[in-house]
Amino acid sequence: MPIHRRVSVPGNDAETDRYLFSEGTHETLWRWLGAHPQGDGCVFRVWAPNAAAVSVVGDFNDWQSDRDALHPLGESGVWEGSVGGARPGQRYKYDLKTRTGASIPLKADPLALRMQASPETASEICPAEPYQFDDDAWLAERGQRMASSAPISIYEVHSASWRRNDDGSYLSYTELGDNLIPYVKEMGFTHIQFLPMSEYPFDGSWGYQPVGLFAPTSRHGDPDGYRRLVDRCHQAGIGVLQDWVPGHFPSDPHGLVRFDGTALYEHEDPRKGFHQDWNTHIYNYGRREVDAFLLSNARFWIEEFHIDGLRVDAVASMLYLDYSREADQWIPNVHGGNENLEAIALLQRLNTRLNVAYPDVATIAEESTAWPGVSSPVKDGGLGFGYKWNMGWMHDTLRYMSKDPVHRIHHHHDLSFGISYAFSENFVLPLSHDEVVHGKGSLLGRMPGDDWQRFANLRAYFAFMWTHPGKKLLFMGGEFAQDSEWNHDAELSWHLLQKEKHAGVRDLVCELNALYRSLPALHRLDCDPAGFAWVAADDAAQSVIAYLRNDGKGSQLLVVCNFTPVPRDAYRVGSPRAGEHRLLLNSDARRFGGSGYPVEEAVETEAIAYHGHDQSLELTLPPLATLVVELPRP
């Protein structure tokens, strides 16, 4: 069994650590900087190049700043000191004095491996004992499970609000494992994606404004608790992805902002260093030590917690210097353009280095523009991500589904346009947390019509999504048609599963996951145009689309979607193969809460040319429904 090493004595000598850090190539900073138990005390190291003096204060010295001064390590900007009697579990911060005498609030350790949960803000010394993982079998197959040919169906989870204890308190990491793992396994999702798990002070940021990038949130327990949760997921055959936030950090005074009295991690000029939308600070990607900090943090979660993939948040905000800015609020690059060349170089370096060190781990970009080559190799000029969220598909199709069916004839393009660029990147189709907050309501609430039509629309949409090219991601609660907007301060509305229609949606998602995983035609060529072909793309008058999915090895499926509440009897569809076509899934089936409109379980083709094929068949299309039909093997 692999022994998981953490807070160990650095593998480099001190001079090498300093050199690598100053060059921006130190990728395991957590093993050098921060607090490291050693003998009967602890060694502290912190980067503060512009400070006049640094001391560590904490439980071990009654928080007295004149007791344990740190000393500069040459010209590296790093301060170091050994404190006898400092032991694991004790709290600490850094007291920094500026060269101008300005007052600085006590600072948390940027490399702390554990921090107090909000509203407390101190860092904690973490014990040095190794954690032993038992996930060798999973790691041996991880590359196959994250490949573009694999079925990847992701359940996106906010750990603090998936479930709560009866008294409203957070579940521990152990309790999350006890409840979340069997649920995800039963539902058939292949991966869990956690919203950011690094420590964050404000609950309402959902983790997207982190302060302790190297510290798993204490809301659920200690770091080993999170390791154990990931380990248990792997033993159950479930991958773990995690949101990672290298785009900005918050203004909390105990955090990174003006850490040593100067703009150390951020840019001094707010036109490059301040994000106006979120009131946060933007990392100075041109500073080598900052790059080393971020690259080390990405590697930290993979190496120390066995995370299988990082979903990189807000990539668009990193790529563009003028992101969400007026003409006079940004500074062009050296070529006069709006591309953030330093951020681009960082992302390319990140993906290149991770691909070398962990070729079986994926990075996933949340990139909301048409930036070319997000998931193309760096050697070809791309950013090097493994996958990209398909935000265009999400916005277009949700806009279409929100229209009353009588008006969908005028918006058919929103439904079909996504295929025109579906294979330009390795895409994940996301229905994420961002689509159920800030007044958008729930997915169910965005569906038009009466109660029956809303559920039917959602079922048809989910079946369309699961059969459309691209990996899948669904935010928690969507799988049982949560009827209210997501509230991060409370658990999901689990009582809804006692209602037939909500339970029916849950059962449909479960069956869709089962089909997606078991049928290579639905996943093997997700990122290859050879895996898809239109049959009927232009039937706007009846709001029907039909397409083929295939695995390149002889297996083919026909998918037909009827996005009106009007049944279509004897709807003729072309087919490339003669013989019996067998129904695999009908989103209108009674077991999913549908109307149960009669549909043939099997249909023979006729030698009638249609849709460019020599053979065709007549199908009964239920109202607001998606059918999945299996073609005979050649």
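Quick look at the numbers
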{"read-out": "Within-13-Å neighbourhood charge of Val559 [Cβ basis; K, R +1; D, E -1]", "value": "0"}
{"read-out": "Sulfur and carbon atoms: percent of accessible area, the chain [1.4 Å]", "value": "48"}
{"read-out": "Heavy-atom surface of region 471-549, accessible at 1.4 Å and reported per residue (Å²)", "value": "35"}
{"read-out": "Modelled FRET efficiency - R0 45 Å, Asp62 with Thr369, Cβ distances, 0.05 increments", "value": "0.30"}
{"read-out": "With all protein chains modelled, accessible area of Asp269 [1.4 Å, Å²]", "value": "50"}
{"read-out": "For Trp47, net neighbour charge (Lys/Arg +1, Asp/Glu -1) across residues whose Cβ lies under 12 Å away", "value": "0"}
{"read-out": "Cβ-based charge dipole, the chain, positive-most Cα from Thr397, Gly41, Gln64", "value": "Thr397"}
{"read-out": "Rounded FRET efficiency, nearest 0.05, which uses the C-beta distance separating Tyr421 from Ala117 and R0 of 56 Å", "value": "0.85"}
{"read-out": "Kirkwood estimate for region 17-76, i.e. one over the average of 1/r between Cα atoms, Å", "value": "12.9"}
{"read-out": "[x] 19, 48, 26, 7, 0; [y] 14, 28, 24, 16, 12, 5, 0; [z] 15, 39, 30, 15, 1, with the label sought being that of the calculated P(r) over Cα pairs in 20 Å bins from 0, in percent", "value": "[x]"}
{"read-out": "Inter-site label distance for Lys185 and Asp166 at 7 Å from Cα along Cβ, in nm", "value": "2.6"}
{"read-out": "Arg288-Val566 FRET efficiency (beta carbon distance; Förster radius 60 Å; 0.05 resolution)", "value": "0.40"}
{"read-out": "Full-extension gain in nm, Arg633 to Lys553, via 0.36 nm per residue minus C-alpha separation", "value": "27.8 nm"}
{"read-out": "Cα coordinate range in region 298-409, projected on the principal axes (Å, largest first)", "value": "53, 40, 26"}
{"read-out": "In sequence order, calculated HN-Hα J values of region 574-583 (Karplus, 6.51, -1.76, 1.60; Hz; x Gly/Pro)", "value": "x, 8, x, 9, 8, x, 6, 9, 10, 6"}
{"read-out": "Stretchable slack from Gln498 to Ala357, in nm (0.36 nm times residue separation minus alpha-carbon distance)", "value": "46.1 nm"}
{"read-out": "Beta bridges by DSSP in the chain, antiparallel share as percent, to the nearest 5", "value": "70"}
{"read-out": "Along each principal axis, Cα extent of region 528-612, largest first, Å", "value": "35, 29, 28"}
{"read-out": "Fully extended contour minus Cα-Cα distance, from Asp404 to Ala327, at 0.36 nm per residue", "value": "23.8 nm"}
{"read-out": "For region 567-634 versus region 19-55, the gap between their alpha-carbon centres in whole angstrom", "value": "65"}
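The values are calculated or read from the model by the stated rules, or taken from the named source; none is laboratory data. Because the structure is a prediction, the values reported are computed rather than measured. Neighbour counts run over all protein chains shown; Cβ positions are idealised from the backbone, glycine included. Side chains are part of the model used for accessible areas, which takes the heavy atoms of the whole protein and leaves out ligands, DNA and RNA. Shrake-Rupley method; radii C 1.70, N 1.55, O 1.52, S 1.80 Å.
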